[in-house]
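Worksheet: one structure, shown below.
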């Protein structure tokens, strides 16, 4: 395990949770995890006018992208599949952790396997950027077998080896009012940005 991965996981394997006899992927949100309140405001940023929290702290933003605030609650309540918990997604992408088991996805060649939806049915190409966390080969097979079809994994899914790029699940707001618009998946996180 690399020092970076060891720091991200605390040097241990994350606890695994099961629901109806199947493992719940590490990045899936739970009903016990809820968006935290935060007043949204317009603010000036490096790129001009941007969205921010009135009481914003450094952890609310990564690479100048505002992240939704969520309460902790891994394993509490019911899994919200096919949702994505924004904090665990960010942790997996930044530290190359498997989105299914939460463990490092190191390979001897230094690359990582990504299982993601192929846009427009085209093949995933070498060097393509993604907000999708990497996955182990065995965990990818488990995800294709066990994840609900609404997750987009069964149809139009491809695999590719490469390096992760920044991205994430952001929040959607009405530009005129800065009111939060929940996504249809029920996570409160908004759509992919």
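Entry remark, segment 84-104: residues being over 16 Å from residue 114 (Cα atoms) and either modelled with pLDDT under 85 or surrounded by fewer than 18 Cβ atoms within 10 Å (Cβ to Cβ) (or both) number 0 in total. Each residue in segment 54-79 was checked for being surrounded by 18 or more Cβ atoms within 10 Å (Cβ to Cβ) and at pLDDT 90 or above, and 2 pass. Scanning segment 83-102 for residues that are in a loop (DSSP other than H, G, I, E, B) and farther than 23 Å from residue 32 by Cβ turns up just one, 96. Residues in segment 9-35 that are modelled with pLDDT under 90 and within 16 Å of residue 84 (Cα to Cα) were compared, and the one that is surrounded by the fewest Cβ atoms within 10 Å (Cβ to Cβ) is 34.
The values are calculated or read from the model by the stated rules, or taken from the named source; none is laboratory data. All values derive from a computational prediction rather than experimental measurement. Cβ coordinates were reconstructed from backbone atoms using ideal geometry, including for glycine residues, and neighbour counts include every protein chain displayed.
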